[in-house]
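Asks: Here it is, the structure in full.
The values are calculated or read from the model by the stated rules, or taken from the named source; none is laboratory data. All figures in this text were calculated on a predicted structure; none of them were measured in a lab. FYI the Cβ positions are ideal-geometry reconstructions off the backbone, even for glycines, and counts take in every protein chain you see. Only protein heavy atoms, including side chains, enter the accessible area calculation; ligands, DNA and RNA are left aside. Shrake-Rupley method; radii C 1.70, N 1.55, O 1.52, S 1.80 Å.
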Amino acid sequence: NKEMYVIPLSRDSYDDFSGDLKLTSDIRTGMKLMLSGFYGKQQGTNDNNSGLPGMFRSPSSIASQLDRVSYIDARMFATDYWAPTEITRYGVGAKFTHVLSPTTFYEVSLNRTSEDYNTNPGRLRDTSRIYQFGNSFFVDEGPFGFQPNPSTGIGSGLRMGVGFSNSRDSSEIHSYSLSSDFTSQIDKNNEVKAGFDFVYTENKVNYASVDVYLPSGRSQSKWTTYPIRGALYIQDKLEFEGMIANIGLRMDYSDPNQDWYVYDPYTEAFTSQLSLGLDTLLQREETVKQLTFSPRLGVAFPISVNSKLYFNYGHQRQMPTPENLFLIRRFSDNNAITRLANPNNPLQKAIQYELGYEHNLFDQYLLRVAGYYKDVSLQPELVEFTNYTSSVNYFVSTPNGYADHRGVELTLSKNRGAWVQGFLNYTYRVSTSGQFGFENYFQNPADMRREIRET
(Lines give C-alpha, C1' and ligand atoms only; values in the text may rest on other atoms or scores of the structure.)
Protein backbone atom coordinates (compact mmCIF):
# COMPACT_ATOMS: atom_id res chain seq x y z
CA ASN A 1 0.00 0.00 0.00
CA LYS A 2 1.23 3.48 -0.87
CA GLU A 3 -0.36 6.68 0.43
CA MET A 4 1.06 9.87 -1.06
CA TYR A 5 1.63 12.80 1.28
CA VAL A 6 -0.22 16.06 0.73
CA ILE A 7 3.20 17.76 0.45
CA PRO A 8 6.62 16.11 -0.11
CA LEU A 9 8.51 15.48 3.13
CA SER A 10 11.78 13.57 3.69
CA ARG A 11 9.80 10.78 2.03
CA ASP A 12 6.96 11.73 -0.27
CA SER A 13 4.65 8.88 0.75
CA TYR A 14 3.75 6.35 3.42
CA ASP A 15 4.54 2.82 2.22
CA ASP A 16 3.35 -0.35 3.91
CA PHE A 17 4.49 -3.80 2.77
CA SER A 18 3.43 -7.04 4.44
CA GLY A 19 3.67 -10.71 3.62
CA ASP A 20 2.24 -13.79 5.35
CA LEU A 21 2.84 -17.50 4.90
CA LYS A 22 0.77 -20.23 6.56
CA LEU A 23 1.04 -23.99 6.37
CA THR A 24 -1.70 -26.13 7.90
CA SER A 25 -1.42 -29.89 8.26
CA ASP A 26 -3.77 -32.55 9.57
CA ILE A 27 -1.20 -34.63 11.40
CA ARG A 28 -3.71 -37.32 12.22
CA THR A 29 -7.39 -37.59 13.08
CA GLY A 30 -8.28 -34.83 15.56
CA MET A 31 -4.83 -33.19 15.41
CA LYS A 32 -3.99 -30.11 13.38
CA LEU A 33 -0.72 -28.12 13.22
CA MET A 34 -0.46 -24.64 11.72
CA LEU A 35 2.92 -22.97 11.06
CA SER A 36 2.96 -19.29 10.20
CA GLY A 37 5.40 -16.50 9.43
CA PHE A 38 5.08 -12.83 8.56
CA TYR A 39 7.28 -9.98 7.47
CA GLY A 40 6.30 -6.35 7.13
CA LYS A 41 7.88 -2.96 6.68
CA GLN A 42 6.47 0.55 7.11
CA GLN A 43 8.32 3.51 5.63
CA GLY A 44 7.46 7.16 5.85
CA THR A 45 8.32 10.39 7.62
CA ASN A 46 8.50 10.62 11.40
CA ASP A 47 5.75 12.84 12.84
CA ASN A 48 7.81 14.34 15.68
CA ASN A 49 11.32 15.57 16.52
CA SER A 50 11.54 13.77 19.88
CA GLY A 51 12.63 10.33 18.70
CA LEU A 52 9.26 8.74 19.46
CA PRO A 53 7.78 6.23 17.00
CA GLY A 54 5.10 7.56 14.70
CA MET A 55 4.59 8.33 11.02
CA PHE A 56 2.53 10.79 9.06
CA ARG A 57 -0.33 8.96 7.38
CA SER A 58 -3.15 11.33 6.46
CA PRO A 59 -3.35 14.88 5.06
CA SER A 60 -4.89 16.03 8.35
CA SER A 61 -1.96 14.66 10.39
CA ILE A 62 0.45 16.76 8.31
CA ALA A 63 -1.82 19.80 8.26
CA SER A 64 -2.05 19.76 12.08
CA GLN A 65 1.72 20.38 12.18
CA LEU A 66 1.38 23.45 9.94
CA ASP A 67 -1.26 25.28 11.94
CA ARG A 68 -0.19 28.38 13.91
CA VAL A 69 3.44 27.35 14.38
CA SER A 70 6.75 29.04 13.71
CA TYR A 71 8.71 28.27 10.55
CA ILE A 72 5.71 26.96 8.63
CA ASP A 73 7.56 27.68 5.37
CA ALA A 74 10.49 25.50 6.53
CA ARG A 75 8.12 22.65 7.38
CA MET A 76 6.45 22.91 3.98
CA PHE A 77 9.35 23.53 1.60
CA ALA A 78 12.49 22.18 3.35
CA THR A 79 11.79 18.49 2.96
CA ASP A 80 13.90 17.28 5.89
CA TYR A 81 12.27 19.13 8.79
CA TRP A 82 11.19 15.65 9.98
CA ALA A 83 13.39 12.58 9.57
CA PRO A 84 12.64 9.54 7.42
CA THR A 85 11.64 6.55 9.51
CA GLU A 86 11.19 2.82 9.07
CA ILE A 87 9.64 0.06 11.18
CA THR A 88 10.27 -3.59 10.37
CA ARG A 89 8.10 -6.29 11.92
CA TYR A 90 8.59 -10.04 11.52
CA GLY A 91 7.82 -13.24 13.36
CA VAL A 92 7.16 -16.96 13.29
CA GLY A 93 4.67 -19.10 15.15
CA ALA A 94 3.08 -22.49 15.57
CA LYS A 95 -0.37 -23.55 16.74
CA PHE A 96 -1.39 -27.10 17.63
CA THR A 97 -5.06 -28.09 17.99
CA HIS A 98 -6.12 -31.45 19.44
CA VAL A 99 -9.72 -32.62 19.58
CA LEU A 100 -9.96 -35.17 22.39
CA SER A 101 -13.67 -35.93 21.99
CA PRO A 102 -16.80 -34.39 20.45
CA THR A 103 -17.05 -32.15 23.53
CA THR A 104 -13.43 -31.44 24.45
CA PHE A 105 -10.42 -29.90 22.69
CA TYR A 106 -7.33 -27.82 23.48
CA GLU A 107 -4.93 -25.51 21.63
CA VAL A 108 -1.27 -24.63 22.22
CA SER A 109 0.44 -21.67 20.53
CA LEU A 110 4.10 -20.62 20.45
CA ASN A 111 5.18 -17.34 18.81
CA ARG A 112 8.20 -15.10 18.40
CA THR A 113 7.75 -11.53 17.13
CA SER A 114 10.22 -8.69 16.57
CA GLU A 115 10.07 -4.98 15.86
CA ASP A 116 13.05 -2.95 14.64
CA TYR A 117 12.91 0.86 14.53
CA ASN A 118 15.15 3.03 12.38
CA THR A 119 14.80 6.82 12.48
CA ASN A 120 17.74 8.91 11.32
CA PRO A 121 18.34 11.93 9.07
CA GLY A 122 18.22 11.41 5.34
CA ARG A 123 21.01 12.19 2.91
CA LEU A 124 23.14 15.29 3.52
CA ARG A 125 22.52 18.34 1.38
CA ASP A 126 24.88 18.89 -1.52
CA THR A 127 26.34 22.31 -0.68
CA SER A 128 28.34 22.71 -3.87
CA ARG A 129 27.16 25.33 -6.38
CA ILE A 130 25.27 23.08 -8.76
CA TYR A 131 22.45 25.29 -10.09
CA GLN A 132 22.98 28.41 -12.18
CA PHE A 133 20.63 31.35 -12.61
CA GLY A 134 21.52 33.80 -15.32
CA ASN A 135 25.18 34.22 -16.13
CA SER A 136 26.77 34.44 -12.67
CA PHE A 137 24.37 33.41 -9.88
CA PHE A 138 25.04 29.88 -8.55
CA VAL A 139 23.27 28.08 -5.67
CA ASP A 140 23.32 24.69 -3.96
CA GLU A 141 20.32 22.34 -3.73
CA GLY A 142 18.81 23.91 -0.60
CA PRO A 143 16.20 23.69 0.84
CA PHE A 144 16.36 19.99 -0.10
CA GLY A 145 18.49 17.49 1.85
CA PHE A 146 19.47 17.38 5.53
CA GLN A 147 21.62 20.20 6.90
CA PRO A 148 22.36 20.29 10.67
CA ASN A 149 24.11 23.68 10.57
CA PRO A 150 22.75 27.17 9.85
CA SER A 151 22.02 27.68 6.18
CA THR A 152 21.40 30.85 4.19
CA GLY A 153 17.70 31.46 3.69
CA ILE A 154 15.77 32.16 0.52
CA GLY A 155 13.65 35.23 -0.05
CA SER A 156 12.25 36.50 3.25
CA GLY A 157 14.44 34.09 5.24
CA LEU A 158 13.28 30.52 4.72
CA ARG A 159 14.98 28.46 7.38
CA MET A 160 16.96 25.60 5.84
CA GLY A 161 19.10 24.24 8.69
CA VAL A 162 19.28 23.69 12.49
CA GLY A 163 16.37 22.03 14.29
CA PHE A 164 15.79 19.65 11.38
CA SER A 165 15.40 15.86 11.60
CA ASN A 166 16.11 15.74 15.34
CA SER A 167 14.59 12.29 15.92
CA ARG A 168 16.81 9.26 16.39
CA ASP A 169 15.56 5.74 17.10
CA SER A 170 17.40 2.41 16.90
CA SER A 171 15.17 0.38 19.23
CA GLU A 172 14.64 -3.37 18.99
CA ILE A 173 11.80 -5.29 20.67
CA HIS A 174 11.70 -9.12 20.68
CA SER A 175 8.83 -11.03 22.29
CA TYR A 176 8.36 -14.76 22.97
CA SER A 177 4.93 -16.07 23.95
CA LEU A 178 3.43 -19.42 24.90
CA SER A 179 -0.31 -19.88 25.42
CA SER A 180 -2.81 -22.69 25.75
CA ASP A 181 -6.61 -22.94 25.92
CA PHE A 182 -8.76 -25.89 27.02
CA THR A 183 -12.50 -26.12 26.31
CA SER A 184 -14.94 -28.83 27.40
CA GLN A 185 -18.72 -29.14 27.34
CA ILE A 186 -19.04 -31.08 30.59
CA ASP A 187 -22.81 -31.48 30.42
CA LYS A 188 -25.79 -29.67 28.93
CA ASN A 189 -25.52 -26.92 31.55
CA ASN A 190 -21.75 -26.35 31.82
CA GLU A 191 -19.09 -25.40 29.28
CA VAL A 192 -15.70 -24.87 30.95
CA LYS A 193 -12.80 -22.92 29.48
CA ALA A 194 -9.35 -22.57 31.01
CA GLY A 195 -5.96 -21.45 29.81
CA PHE A 196 -2.70 -19.65 30.40
CA ASP A 197 -0.40 -17.10 28.74
CA PHE A 198 3.32 -16.58 29.23
CA VAL A 199 5.27 -13.71 27.61
CA TYR A 200 8.98 -12.93 27.79
CA THR A 201 10.15 -9.67 26.20
CA GLU A 202 13.54 -8.25 25.29
CA ASN A 203 13.39 -4.45 25.30
CA LYS A 204 16.43 -2.79 23.73
CA VAL A 205 15.19 0.77 23.54
CA ASN A 206 17.29 3.71 22.43
CA TYR A 207 15.72 6.91 21.11
CA ALA A 208 16.65 10.57 21.42
CA SER A 209 16.24 14.10 20.19
CA VAL A 210 19.55 15.28 18.72
CA ASP A 211 20.72 18.67 17.49
CA VAL A 212 24.51 18.99 17.15
CA TYR A 213 24.32 22.77 16.72
CA LEU A 214 21.80 23.49 19.54
CA PRO A 215 22.20 20.57 21.99
CA SER A 216 20.67 22.30 25.03
CA GLY A 217 17.40 20.75 26.22
CA ARG A 218 17.73 17.64 24.08
CA SER A 219 17.31 14.26 25.76
CA GLN A 220 18.09 10.58 25.28
CA SER A 221 15.91 7.70 26.51
CA LYS A 222 17.55 4.32 26.81
CA TRP A 223 16.91 1.03 28.60
CA THR A 224 17.52 -2.69 28.21
CA THR A 225 15.12 -4.91 30.16
CA TYR A 226 13.72 -8.44 30.08
CA PRO A 227 10.25 -8.38 31.73
CA ILE A 228 8.08 -11.45 32.25
CA ARG A 229 4.31 -11.57 32.45
CA GLY A 230 1.76 -14.33 32.54
CA ALA A 231 -1.87 -15.14 33.19
CA LEU A 232 -4.18 -18.01 34.15
CA TYR A 233 -7.92 -18.00 33.64
CA ILE A 234 -10.93 -20.23 34.13
CA GLN A 235 -14.50 -19.66 33.00
CA ASP A 236 -17.75 -21.58 33.25
CA LYS A 237 -20.69 -20.92 30.93
CA LEU A 238 -23.92 -21.92 32.67
CA GLU A 239 -27.01 -22.43 30.50
CA PHE A 240 -30.48 -22.94 31.97
CA GLU A 241 -33.94 -22.38 30.64
CA GLY A 242 -34.31 -19.03 32.41
CA MET A 243 -30.72 -17.83 32.58
CA ILE A 244 -27.35 -17.85 30.81
CA ALA A 245 -24.31 -16.89 32.88
CA ASN A 246 -20.56 -16.63 32.30
CA ILE A 247 -18.54 -16.76 35.52
CA GLY A 248 -14.77 -16.45 35.38
CA LEU A 249 -11.61 -15.57 37.22
CA ARG A 250 -8.33 -14.35 35.73
CA MET A 251 -4.97 -14.22 37.49
CA ASP A 252 -2.29 -11.87 36.12
CA TYR A 253 1.40 -12.09 36.98
CA SER A 254 3.95 -9.37 36.28
CA ASP A 255 7.70 -9.43 36.95
CA PRO A 256 9.94 -6.55 35.73
CA ASN A 257 12.80 -9.03 36.17
CA GLN A 258 15.44 -6.51 37.22
CA ASP A 259 16.88 -4.52 40.10
CA TRP A 260 16.00 -0.86 40.60
CA TYR A 261 17.52 2.08 42.41
CA VAL A 262 16.78 2.90 46.05
CA TYR A 263 17.09 6.65 46.46
CA ASP A 264 16.07 9.78 48.31
CA PRO A 265 13.90 11.85 45.92
CA TYR A 266 16.29 14.82 46.19
CA THR A 267 19.53 12.86 45.92
CA GLU A 268 22.52 14.60 44.32
CA ALA A 269 23.08 11.44 42.26
CA PHE A 270 20.60 12.82 39.70
CA THR A 271 22.65 15.98 39.02
CA SER A 272 24.56 16.51 35.80
CA GLN A 273 27.91 15.97 37.59
CA LEU A 274 27.01 12.58 39.09
CA SER A 275 24.19 10.97 37.10
CA LEU A 276 26.43 8.79 34.95
CA GLY A 277 27.58 7.02 38.12
CA LEU A 278 24.15 5.91 39.35
CA ASP A 279 25.20 2.26 39.58
CA THR A 280 28.01 3.07 42.03
CA LEU A 281 26.28 5.88 43.95
CA LEU A 282 22.93 4.20 44.62
CA GLN A 283 21.95 0.82 45.96
CA ARG A 284 19.63 -1.40 43.96
CA GLU A 285 17.02 -3.89 45.10
CA GLU A 286 14.92 -6.49 43.35
CA THR A 287 11.69 -5.17 41.90
CA VAL A 288 8.28 -6.31 43.14
CA LYS A 289 6.59 -9.31 41.51
CA GLN A 290 2.85 -8.68 41.25
CA LEU A 291 -0.01 -11.16 41.37
CA THR A 292 -3.58 -9.92 40.88
CA PHE A 293 -7.00 -11.57 40.54
CA SER A 294 -9.81 -10.28 38.33
CA PRO A 295 -13.34 -11.70 38.64
CA ARG A 296 -15.71 -11.62 35.64
CA LEU A 297 -19.48 -12.11 35.57
CA GLY A 298 -22.02 -11.90 32.75
CA VAL A 299 -25.68 -12.83 33.20
CA ALA A 300 -28.58 -12.73 30.72
CA PHE A 301 -32.24 -13.33 31.64
CA PRO A 302 -34.74 -13.96 28.83
CA ILE A 303 -37.92 -12.05 29.68
CA SER A 304 -39.93 -13.16 26.67
CA VAL A 305 -39.36 -14.66 23.25
CA ASN A 306 -38.33 -11.23 21.96
CA SER A 307 -36.55 -9.59 24.91
CA LYS A 308 -33.87 -10.11 27.52
CA LEU A 309 -32.25 -8.32 30.45
CA TYR A 310 -28.48 -8.63 30.96
CA PHE A 311 -25.79 -7.59 33.43
CA ASN A 312 -22.01 -7.57 33.04
CA TYR A 313 -19.40 -7.01 35.73
CA GLY A 314 -15.64 -7.41 35.53
CA HIS A 315 -12.20 -6.38 36.69
CA GLN A 316 -9.43 -5.74 34.17
CA ARG A 317 -5.70 -5.19 34.62
CA GLN A 318 -3.37 -3.43 32.20
CA MET A 319 0.39 -3.11 32.07
CA PRO A 320 1.74 0.46 32.33
CA THR A 321 3.65 1.60 29.26
CA PRO A 322 7.38 0.70 29.14
CA GLU A 323 8.24 4.38 29.61
CA ASN A 324 6.49 4.28 32.98
CA LEU A 325 8.33 1.10 33.99
CA PHE A 326 11.90 1.27 32.69
CA LEU A 327 12.79 4.73 31.42
CA ILE A 328 15.86 6.71 32.48
CA ARG A 329 15.96 9.96 30.49
CA ARG A 330 18.90 12.37 30.53
CA PHE A 331 19.57 15.74 28.96
CA SER A 332 22.01 15.24 26.10
CA ASP A 333 24.14 18.30 26.87
CA ASN A 334 24.79 17.78 30.62
CA ASN A 335 23.50 14.23 31.44
CA ALA A 336 21.22 15.43 34.27
CA ILE A 337 18.27 13.09 34.97
CA THR A 338 15.09 14.63 33.61
CA ARG A 339 12.63 11.70 33.89
CA LEU A 340 12.65 8.43 35.82
CA ALA A 341 10.34 5.43 35.62
CA ASN A 342 9.24 3.11 38.41
CA PRO A 343 9.16 -0.63 37.57
CA ASN A 344 7.24 -1.23 40.82
CA ASN A 345 4.22 0.65 39.44
CA PRO A 346 1.16 -1.58 39.96
CA LEU A 347 -0.95 -2.84 37.08
CA GLN A 348 -3.62 -0.33 36.12
CA LYS A 349 -7.05 -1.40 37.37
CA ALA A 350 -10.49 -0.96 35.83
CA ILE A 351 -13.82 -2.09 37.28
CA GLN A 352 -16.75 -2.12 34.85
CA TYR A 353 -20.51 -2.49 35.30
CA GLU A 354 -23.17 -2.68 32.59
CA LEU A 355 -26.93 -3.17 32.87
CA GLY A 356 -28.92 -3.47 29.66
CA TYR A 357 -32.12 -4.45 27.92
CA GLU A 358 -32.55 -5.84 24.37
CA HIS A 359 -35.81 -6.18 22.43
CA ASN A 360 -36.57 -7.68 19.02
CA LEU A 361 -38.96 -5.45 17.04
CA PHE A 362 -40.96 -6.99 14.19
CA ASP A 363 -38.17 -9.54 13.52
CA GLN A 364 -36.35 -6.70 11.72
CA TYR A 365 -34.89 -4.39 14.35
CA LEU A 366 -32.98 -4.85 17.58
CA LEU A 367 -33.39 -2.19 20.25
CA ARG A 368 -30.68 -2.06 22.91
CA VAL A 369 -30.65 0.22 25.97
CA ALA A 370 -27.70 0.04 28.36
CA GLY A 371 -26.26 1.97 31.26
CA TYR A 372 -22.61 1.57 32.25
CA TYR A 373 -20.02 2.67 34.77
CA LYS A 374 -16.23 2.26 34.59
CA ASP A 375 -13.88 3.05 37.47
CA VAL A 376 -10.17 3.35 36.57
CA SER A 377 -7.39 3.62 39.17
CA LEU A 378 -3.62 3.26 39.57
CA GLN A 379 -2.92 5.15 36.37
CA PRO A 380 0.69 6.40 36.07
CA GLU A 381 1.08 10.16 36.42
CA LEU A 382 4.24 12.28 36.26
CA VAL A 383 5.24 14.02 39.51
CA GLU A 384 8.06 16.57 39.59
CA PHE A 385 10.74 16.75 42.31
CA THR A 386 13.04 19.77 42.80
CA ASN A 387 15.81 20.19 45.37
CA TYR A 388 16.97 23.40 47.10
CA THR A 389 19.24 24.56 44.28
CA SER A 390 17.24 23.14 41.34
CA SER A 391 20.29 21.06 40.38
CA VAL A 392 17.95 18.09 40.86
CA ASN A 393 14.78 18.58 38.83
CA TYR A 394 13.07 15.54 37.29
CA PHE A 395 9.76 13.78 36.78
CA VAL A 396 8.97 10.32 38.15
CA SER A 397 6.09 8.01 37.27
CA THR A 398 3.67 7.41 40.18
CA PRO A 399 0.34 5.46 40.24
CA ASN A 400 -1.73 8.44 41.38
CA GLY A 401 -4.16 8.84 38.49
CA TYR A 402 -7.85 7.95 38.53
CA ALA A 403 -10.87 8.32 36.27
CA ASP A 404 -14.47 7.21 36.06
CA HIS A 405 -16.83 7.07 33.11
CA ARG A 406 -20.60 6.66 33.32
CA GLY A 407 -23.29 6.93 30.71
CA VAL A 408 -26.23 5.55 28.76
CA GLU A 409 -26.30 4.03 25.27
CA LEU A 410 -29.35 3.70 23.01
CA THR A 411 -28.89 1.63 19.83
CA LEU A 412 -31.36 0.63 17.13
CA SER A 413 -29.91 -1.78 14.55
CA LYS A 414 -31.23 -3.50 11.43
CA ASN A 415 -29.21 -6.50 10.23
CA ARG A 416 -31.72 -7.88 7.75
CA GLY A 417 -33.17 -6.59 4.54
CA ALA A 418 -32.26 -6.55 0.87
CA TRP A 419 -32.05 -2.75 0.60
CA VAL A 420 -31.44 -1.14 3.98
CA GLN A 421 -29.19 -2.29 6.82
CA GLY A 422 -27.38 -0.33 9.54
CA PHE A 423 -27.75 1.12 12.99
CA LEU A 424 -28.44 4.31 14.90
CA ASN A 425 -26.70 5.02 18.20
CA TYR A 426 -26.99 7.72 20.82
CA THR A 427 -24.53 7.84 23.72
CA TYR A 428 -24.49 10.15 26.73
CA ARG A 429 -21.32 9.96 28.82
CA VAL A 430 -19.87 11.87 31.75
CA SER A 431 -16.18 11.45 32.62
CA THR A 432 -14.17 12.57 35.62
CA SER A 433 -10.42 12.30 36.04
CA GLY A 434 -7.67 13.54 38.31
CA GLN A 435 -4.81 12.46 40.52
CA PHE A 436 -4.08 12.10 44.22
CA GLY A 437 -1.32 14.07 45.90
CA PHE A 438 0.59 16.99 44.38
CA GLU A 439 2.06 17.44 40.91
CA ASN A 440 5.20 19.09 42.31
CA TYR A 441 7.31 18.38 45.40
CA PHE A 442 10.01 20.78 46.63
CA GLN A 443 12.82 20.17 49.09
CA ASN A 444 12.55 23.81 50.11
CA PRO A 445 9.76 24.01 52.75
CA ALA A 446 8.76 27.51 51.62
CA ASP A 447 8.26 26.36 48.04
CA MET A 448 6.33 23.31 49.23
CA ARG A 449 4.02 25.43 51.39
CA ARG A 450 3.31 27.63 48.38
CA GLU A 451 2.53 24.53 46.29
CA ILE A 452 0.10 23.29 48.95
CA ARG A 453 -1.52 26.70 49.22
CA GLU A 454 -1.97 27.16 45.48
CA THR A 455 -3.07 23.61 44.60
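Asks: If you take the charge dipole of region 19-108 about its Cα centre, with +1 on Lys and Arg Cβ and -1 on Asp and Glu Cβ, which of S101, F38, I72 is farthest toward its positive end?
Replies: Farthest towards the positive pole: S101.
Asks: Under a crude label model (7 Å from the Cα following the beta-carbon direction), how far is R416 from M319 in nanometres?
Replies: That separation, rounded to one decimal, is 4.5 nm.
Asks: Among F395, L325, P302, which residue has its Cα positioned farthest towards the positive end of the charge dipole of region 278-420, with +1 placed on the Cβ of Lys and Arg, -1 on the Cβ of Asp and Glu, and the dipole taken about the Cα centre?
Replies: Final value for the positive-end residue is P302.
Asks: For L124 and T152, what is the calculated FRET efficiency with R₀ set at 22 Å and r taken between the beta-carbons, to the nearest 0.05?
Replies: According to the calculation, E is roughly 0.85.
Asks: Roughly how many nanometres apart are two label points built 7 Å out from the Cα toward the Cβ at E439 and D259?
Replies: Output for this residue pair reads 3.7 nm.
Asks: Please compute the length gained on full extension between Y226 and F137, using 0.36 nm multiplied by the number of residues separating them and subtracting their Cα-Cα distance.
Replies: 26.2 nm
Asks: Would you mind checking the pairs K193/K349; K237/K349; K41/K289; K22/K414; K204/K237; K41/K349 and listing those with alpha carbons more than 32 angstrom apart?
Replies: Violating the 32 Å limit, Cα to Cα: K41/K289; K22/K414; K204/K237; K41/K349.
Asks: Then there's this: Once Lys and Arg get +1 and Asp and Glu get -1 on their Cβ, which of Q220, H174, V192 lies farthest toward the positive end of the dipole of region 169-223?
Replies: So the residue furthest toward the plus end is Q220.
Asks: Also, I was wondering about something else. How are the C-alpha pair distances of the chain spread across 10 Å bins, as whole percents from the shortest bin up?
Replies: Result returned by the calculation: 4, 13, 18, 24, 21, 12, 6, 2, 0, 0.
Asks: Only four residue types carry charge here, +1 at the Cβ of Lys and Arg and -1 at the Cβ of Asp and Glu. Report the dipole size of region 101-210 about the Cα centre in Debye, rounded to the nearest 20.
Replies: Its charge dipole is roughly 580 debye.
Asks: Of all trypsin sites (Lys or Arg not before Pro) in region 35-96, which ones are in loop regions per DSSP and have a Cβ with at most 10 other Cβ atoms within 10 Å?
Replies: Listed in order of number, the matching sites are R68.
Asks: Additional query: Which trypsin sites (Lys or Arg not before Pro) in region 156-203 pass both tests, a DSSP loop state and at most 14 other beta-carbon atoms within 10 Å?
Replies: Answer in residue order: K188.
Asks: Here is a follow-up. What is the extension gain from N1 to H98, computed as 0.36 nm multiplied by their sequence separation minus the C-alpha to C-alpha distance, in nm to one decimal?
Replies: 31.2 nm
Asks: Right, here's the next one. Please give the length that would be gained between R450 and L291 if that part of the chain were fully extended, namely 0.36 nm times their separation in residues minus their C-alpha to C-alpha distance (nm, one decimal).
Replies: 53.3 nm
Asks: Separate question: Using the beta-carbon distance between N189 and L23 and R0 = 30 Å, what value does 1/(1 + (r/R0)^6) give for FRET efficiency, to the nearest 0.05?
Replies: 0.15
Asks: For the chain, what does -39500 (n - 2.57) per DSSP helix run (n ≥ 4), summed and divided by total residues, give at 222 nm, in deg cm²/dmol to the nearest 500?
Replies: Dividing the helical sum by the residues of the chain leaves -1500 deg cm²/dmol.
Asks: Once you keep just the Cα pairs under 8 angstrom separated by 6 or more residues, what percentage relative contact order results for region 108-165?
Replies: This gives 26 percent for region 108-165.
Asks: Related question: Using the Cα centre of region 1-95 as the reference point, and only Cβ charges (+1 on K/R, -1 on D/E), how large is the resulting charge dipole? Debye, rounded to the nearest 20.
Replies: Here region 1-95 has a charge dipole of around 560 debye.
Asks: If you average the sequence gap of Cα pairs under 8 Å that are 6 or more apart and divide by the length of the chain, what percent do you get for the contact order?
Replies: Computed over the chain, the figure is 9 percent.
Asks: Considering only protein heavy atoms and a 1.4 Å probe, what is the carbon-and-sulfur percentage of the accessible area of the chain?
Replies: Answer for the chain: carbon and sulfur cover 55 percent of the accessible area.
Asks: Name the chymotrypsin sites (Phe, Trp or Tyr not before Pro) in region 366-455 that are in a loop by DSSP and that have at most 13 other C-beta atoms within 10 Å, would you?
Replies: In loop regions of region 366-455 (DSSP not H, G, I, E or B), the sparsely surrounded chymotrypsin sites (Phe, Trp or Tyr not before Pro) are Y388, W419, F436.
Asks: Just the accessible area for H359, please: 1.4 Å probe, Å², rounded to the nearest 10?
Replies: We get 50 Å² for H359.
Asks: Here's a follow-up. Treating the angle as unsigned and between 0 and 90°, give the value, to the nearest 10°, between the Cα long axis of helix 445-454 and the longest Cα principal axis of the chain.
Replies: 60
Asks: Kindly report the accessible area of the chain per residue (heavy atoms of protein chains, probe 1.4 Å, no ligands, DNA or RNA), in Å².
Replies: Per residue, the chain has an accessible area of 57 Å².
Asks: Let me ask something else about it. Nearest 20 debye, what's the magnitude of the dipole of the chain about its Cα centre given +1 on Lys and Arg Cβ and -1 on Asp and Glu Cβ?
Replies: 580
Asks: Another question about this same structure. If I take every Cα pair under 8 Å that is 6 or more residues apart in region 259-341, average their sequence separation and divide by the length, what percent do I get for the relative contact order?
Replies: Reported relative contact order: 28 percent.
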